[in-house]
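I have placed the structure first, in the form of structure tokens, so that the comments after it can refer back to it.
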Amino acid sequence: MGTIMKYSRINCNSIIHVAVVDDDNTFIERYTMMVDGFMKKNGMECSITCFADGNELIQNIDGSSDSLASFDLYCLDIEMPEMNGLELAGEIRRIKGDVPDITFVTSNDNAVYDVFKFKALGYVRKSLLEKDFEETMGRFVREWRNRTRLYEFESKEGIFTKTASEIIYGEVYGHNLRICCNDGSYKIKGTLSELTAMLKDEHFIQPYKGYLVNCQYIGLLKSRELTLKSGDVRTIPVSKYKWQEVKEEYMKYIKS
């Protein structure tokens, strides 16, 4: 069998396509500049298309709903005539499912409680524009990188790639490693230390000797074990010496 190979950011040069929908021309100019500046600051290239209302978005390009596939992030103003941002988000989710990402912009602070049912990344209050914008766009960048950064491995069957979100956990398997993913398990040669170093920028924790777990798949965390919410719904032990560290790292993930 082969060895763990260095990960490659295969999709890191992809252009992020952003749709900004707002009926205020002055604000849309400002917001577009903020999005463009934030992406450049984070070394990401983006293409931004602006729309004055939701109907214009849905009917853009070729006049069909398939045009929604061309955007990775939707920044939607909640307060718009005819079709408001929440109604537009409902249409996007109905057509495209949970991906792509959606953020909301609102001048009504009370409206923020309505956004969560659309699985939005967050909301930007115009009264706290800079603060909310940085937090929400930071969340988008983390999610984007998590979905597009590919890690490359080699097993006896050949080379394969996975994003961090596709890896549920890794465990020591004899003198090698077993990586449990959404589509099954893979045996690779290497050490858990190498795997940990490779995934150091992702949300993985080591609850017990021989295990490395993706926080994304933890359904229940207790002082002596954690339960995964993946297909096999298995439990993994938590070392009493690691409990405090594991709890703190998991809380960082939750807050992020």
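In the stretch 190-200 there is at least one residue that is touching a residue at least 40 places away in the same chain (Cβ under 8 Å), under 30 Å from MET39 (Cβ atoms) and of a type outside the set (Lys, Arg). Here is the figure for the stretch 95-146: residues that are farther than 20 Å from ILE28 by Cα and polar (S, T, N, Q) total 2. Can you say whether ALA164 is free of Cβ contacts under 8 Å to residues at least 24 places away in the same chain, among the aliphatic types (A, V, I, L, M) and closer than 25 Å to ARG145 by Cα, as far as the supplied structure shows? No. When restricted to residues that are open to solvent by 70 Å² or more (accessible area, probe 1.4 Å) and at pLDDT 80 or above, the stretch 102-116 contains 1. Which residues, taken from the stretch 32-63, are open to solvent by 40 Å² or more (accessible area, probe 1.4 Å), of a type in the set (S, T, N, Q) and at pLDDT below 90? ASN42, ASN55, GLN59 - these are the residues of the stretch 32-63 that are open to solvent by 40 Å² or more (accessible area, probe 1.4 Å), of a type in the set (S, T, N, Q) and at pLDDT below 90.
Going by the conditions given, is LEU73 of a type in the set (A, V, I, L, M), closer than 20 Å to TRP144 by Cβ, surrounded by 16 or more Cβ atoms within 10 Å (Cβ to Cβ) and at pLDDT below 85? Answer is no for this residue. Hey, among the residues in the stretch 155-184 that are in contact with a Lys or Arg (Cβ under 8 Å, 6 or more places away or on another chain) and farther than 27 Å from VAL238 by Cβ, which one's surrounded by the fewest Cβ atoms within 10 Å (Cβ to Cβ)? Ranking the qualifying residues of the stretch 155-184, first place goes to LYS156. Identify all residues within the stretch 14-31 that are surrounded by fewer than 18 Cβ atoms within 10 Å (Cβ to Cβ) and either at pLDDT 90 or above or over 17 Å from the mean Cα position of the chain (by Cα) (or both); write none if there are none. Passing the criteria: HIS17, ASP23, ASP24, ASN25, THR26, PHE27, GLU29, ARG30. Of the numbered criteria (1) surrounded by fewer than 17 Cβ atoms within 10 Å (Cβ to Cβ); (2) touching a residue at least 12 places away in the same chain (Cβ under 8 Å); (3) among the aromatic types (Phe, Trp, Tyr), the one TYR250 fails is (1).
Find all pairs meeting these conditions: Cβ atoms under 9 angstrom apart; at least six residues apart or on different chains; first residue within the stretch 31-46 and outside any helix (DSSP H, G or I); second residue acidic (Asp, Glu). Note: pairs meeting the criteria are CYS46/ASP36; CYS46/ASP72. ILE188 fulfils the conditions (1) open to solvent by 40 Å² or more (accessible area, probe 1.4 Å); (2) of a type in the set (Val, Ile, Thr); (3) farther than 16 Å from LYS242 by Cα except for a single criterion, (1).
The values are calculated or read from the model by the stated rules, or taken from the named source; none is laboratory data. Remember, predicted model here, so these are calculated numbers, not experimental data. Note: ideal-geometry Cβ built from the backbone for every residue, glycine included; neighbour counts use all protein chains shown. With ligands, DNA and RNA removed, areas are computed over all heavy atoms of the protein, side chains included. Shrake-Rupley method; radii C 1.70, N 1.55, O 1.52, S 1.80 Å.
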